[in-house]
Amino acid sequence: VHGALLAVRGKASHEKQLLELGIEKIDLVVVNLYPFETAVASLGSSLSACIENIDIGGPCYTDRIRAAAKNSHGVCVITSPSDYDELVRELATNNG
């Protein structure tokens, strides 16, 4: 998965390796994180409620967010449902 995210688009050696290994590029990563800021900002939030909203993630998604961000010129990263509408507009405007 990381190779599909980290491969630099247009870089011959990366494109060749993807082809040789049969790896398709991943251009979009969507991971919904917990709304930590909202929990902390809520009046009366207890410490335990705030702690429950700390998104520790794991290799299934935080690593993918980091890998995609490292290759941000070739991979789009969305981490909040509030960004979905803008994503859909951009995909429609730019034919995907």
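The values are calculated or read from the model by the stated rules, or taken from the named source; none is laboratory data. All values reported here derive from a predicted model rather than from experimental measurement. Here the Cβ is made from the backbone with ideal geometry for all residues, glycine too, and neighbour counts use every protein chain on show.
Structure above, values below:
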| item | result |
| --- | --- |
| Residues of region 45-79 satisfying the condition of being among the small types (Gly, Ala, Ser), within 18 Å of Asn32 (Cβ to Cβ) and at pLDDT 90 or above | Ala67, Ala68, Ala69 |
| Among residues of region 1-38, those that are in a loop (DSSP other than H, G, I, E, B) and of a type in the set (Gly, Ala, Ser), counted | 3 |
| Residue within region 29-50 that is touching a Phe, Trp or Tyr at 6+ places or on another chain (Cβ under 9 Å) and without any contact (Cβ under 8 Å) to a residue 24 or more places away in the chain present | yes |
